[in-house]
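Working notes, beginning with the structure itself.
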Amino acid sequence: MKKILLFGALVGLLFSSCGTSSRGELVGVQDLEEFYPSDPYGMVRIPRGTHTLGANDGDVPYAHTTPKKLVTMHSFYMDQTEITNNEYRQFVHWVRDSIARTLLSENFDEETFMITEKDGELLDEPYLNWDVEIPWNDDEIIESEALYDMYIPEEEQILGQKGFDTRYWKYKYSWLDKSEAGQKANRFDRETGTYREGFSRQGLVKSAEVYVYPDTLTWLHDFSYTFNEPMFDTYFWHPAYGEYPVVGVNWQQAQAFCNWRTDHRLSLLTPYERKYETEFRLPTETEWEYAARGNKVNSIYPWGGPYSRNSKGCFLANFKPVRGNYIADGFAFTAPAVSYWANDYGLYNMSGNVSEWTSTPFEPTSSMFVSDINPFYSYDADDDAHPMLKRKVIKGGSWKDVGAFLQVAAKDYEYQDTAKCYIGFRCVKTYAGVETIDFGY
């Protein structure tokens with residue numbers, strides 16, 4: 001027995017002393033770095049599992065629903081709350097400061113606001129210097145002609161007040177369309193080593209240019225004969241509304257925010273951490289519904305159901321409980337993102353407050369042909385597409401909706417290029433680790 005143990009120790013010493021040498025044996029790749037996935041701030045991990053997708057209440061007269069279907073879901077992270085005004089402002093200010101840095105470097109002070117060399121060598125492509133803050137309180141900077149194009153033209157100013165012209169704040173970005181890659185993968189001709197129908201890898205790279213400032217006019221044009229000027233005047237920019245959900249953001253702007261959030265996170269990670277990072281994105285319809293149920297089987301609402309009040313008579317969400325009485329639940333319009341009670345996954349306001357964009361196109365029959373594992377349906381409608389193709393699923397109901405829209409299986413749609421004062425969003429990202437199931441053996 002001692003000889004066997006001694007032999008085993010010698011073999012272990014031999015392999016460890018030879019580094020990555022396998023001496024002809026199949027031992028796998030050695031010396032791999034260990035993987036430690038990090039939990040994104042403000043998000044909770046939704047564990048993998050199965051749930052019944054679709055309506056649990058046979059009498060839903062106001063909202064679209066999906067036929068019942070048992071599906072299996074991978075694990076993913078989801079924001080605990082809807083994206084708030086203050087969080088979206090960070091995106092808007094980043095775009096604003098990018099434009100300002102570009103103008104200042106071109107017309108005022110290139111050495112301060114642009115990095116043109118590194119380690120004493122000129123760079124082929126200079127980039128913006130984010131280590132230097134823009135002194136927005138410095139009159140020399142504000143009044144300089146370099147930033148002239150960022151302000152409202154003099155003929156459009158009211159009482160001579162100088163302000164930013166947010167109509168020109170755009171975010172340009174690119175992404176890899178993985179869904180299209182899957183659809184075109186069978187077009188590869190192995191005999192010639194080329195793709196049929198002129199398909200190339202470059203064809204998977206899509207790009208967009210999106211205006212980022214929310215449409216604050218939604219508070220005025222979403223309702224007829226209503227005085228919502230106070231919300232129009234203050235809702236997005238006023239500090240008092242910082243922790244309220246952002247609205248007036250269309251589907252394309254929400255997509256752009258997810259891309260920026262991914263890039264912002266990657267810029268602060270080490271090269272090792274970036275390898276295992278997944279992108280922020282809008283949830284699919286099924287992911288949203290799975291998370292909203294909070295691990296409750298066949299639940300009608302995120303808190304279970306079947307009632308919209310608790311045992312003390314308090315409303316459990318922000319919606320329109322009584323005709324003409326919006327404030328019976330505690331809020332006339334939106335509520336702070338952390339309001340009421342979280343569901344069993346720790347998610348707030350999955351029903352009510354604001355409806356939420358998903359990545360899924362609105363196709364009533366899609367449940368019949370999507371897979372029963374991570375159901376996914378995608379359609380990329382461009383600006384010239386028919387309006388019917390631009391419809392995206394929204395979930396959760398909002399402060400202006402009746403209770404039927406609060407059911408987790410209920411869904412509605414809005415056009416991807418349209419913003420409303422009752423639609424917001426939250427992000428998800430795929431969990432990069434491997435989950436195991438404990439069977440108790």
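Points worth noting:
- As a summary of the residue check, Leu104 satisfies the conditions (1) over 26 Å from the mean Cα position of the chain (by Cα); (2) at positive phi; (3) of a type outside the set (D, E, K, R); (4) crowded, with 17+ Cβ neighbours inside 10 Å except for the one numbered (2).
- Annotation: of all residues in region 102-124 being in a strand (DSSP E or B) and among the aliphatic types (A, V, I, L, M), the one that is nearest to Tyr148 (Cα to Cα) is Met114.
- Test for Tyr422: is it under 26 Å from Gly49 (Cβ atoms) and buried (at least 19 other Cβ atoms within 10 Å of the Cβ): no
- Subset tally (residues that are among the aliphatic types (A, V, I, L, M), part of a loop (DSSP other than H, G, I, E, B) and either in contact with a His (Cβ under 7 Å, 6 or more places away or on another chain) or touching a residue at least 12 places away in the same chain (Cβ under 8 Å) (or both)) for region 378-391: 1
- The lone criterion from (1) in a loop (DSSP other than H, G, I, E, B); (2) among the hydrophobic types (A, V, I, L, M, F, W, C); (3) without any contact (Cβ under 8 Å) to a residue 60 or more places away in the chain; (4) under 25 Å from Asn259 (Cβ atoms) left unmet by Ile394 is number (1).
- Those residues of region 321-355 which are surrounded by fewer than 20 Cβ atoms within 10 Å (Cβ to Cβ), over 27 Å from Tyr41 (Cα atoms) and not hydrophobic (A, V, I, L, M, F, W, C), in sequence order: Pro321, Arg323, Gly324, Asn325, Tyr326, Gly330
- Search result, residues across region 131-157 that are within 31 Å of the chain's Cα centre (by Cα) and without any contact (Cβ under 8 Å) to a residue 12 or more places away in the chain: Asp131, Glu133, Pro135, Trp136
- All positions within region 273-298 that are outside any helix (DSSP H, G or I) and over 30 Å from Ser174 (Cα atoms): Gly294, Asn295, Lys296, Val297, Asn298
- When restricted to residues that are outside any strand (DSSP E or B), among the polar types (S, T, N, Q) and more than 23 Å from Gln80 (Cα to Cα), region 299-327 contains 1.
- Sub-6 Å Cβ pairs linking a first residue in region 30-51 that is in contact (Cβ under 8 Å) with a residue 24 or more places away in the chain and surrounded by 15 or more Cβ atoms within 10 Å (Cβ to Cβ) to a second residue that is of a type in the set (Asp, Glu) and part of a loop (DSSP other than H, G, I, E, B), at least 6 apart or interchain, are Arg48/Glu435, ordered by first then second residue.
- Residue in region 56-69 that is at pLDDT 80 or above, charged (D, E, K, R), within 30 Å of Pro214 (Cα to Cα) and part of a strand (DSSP E or B) present: no
- Any hit, region 214-223, residues being of a type in the set (D, E, K, R), under 24 Å from Leu389 (Cα atoms), at pLDDT 90 or above and not in a helix (DSSP H, G or I): yes
- Among the numbered conditions (1) surrounded by fewer than 18 Cβ atoms within 10 Å (Cβ to Cβ); (2) in contact with a Cys (Cβ under 8 Å, 6 or more places away or on another chain), the only one that Val247 does not meet is (1).
- Filter pass, Ile99 being assigned to a strand (DSSP E or B) and surrounded by 12 or more Cβ atoms within 10 Å (Cβ to Cβ): no
The values are calculated or read from the model by the stated rules, or taken from the named source; none is laboratory data. Given the structure is predicted, the values throughout are model-derived calculations rather than measurements. FYI the Cβ positions are ideal-geometry reconstructions off the backbone, even for glycines, and counts take in every protein chain you see.
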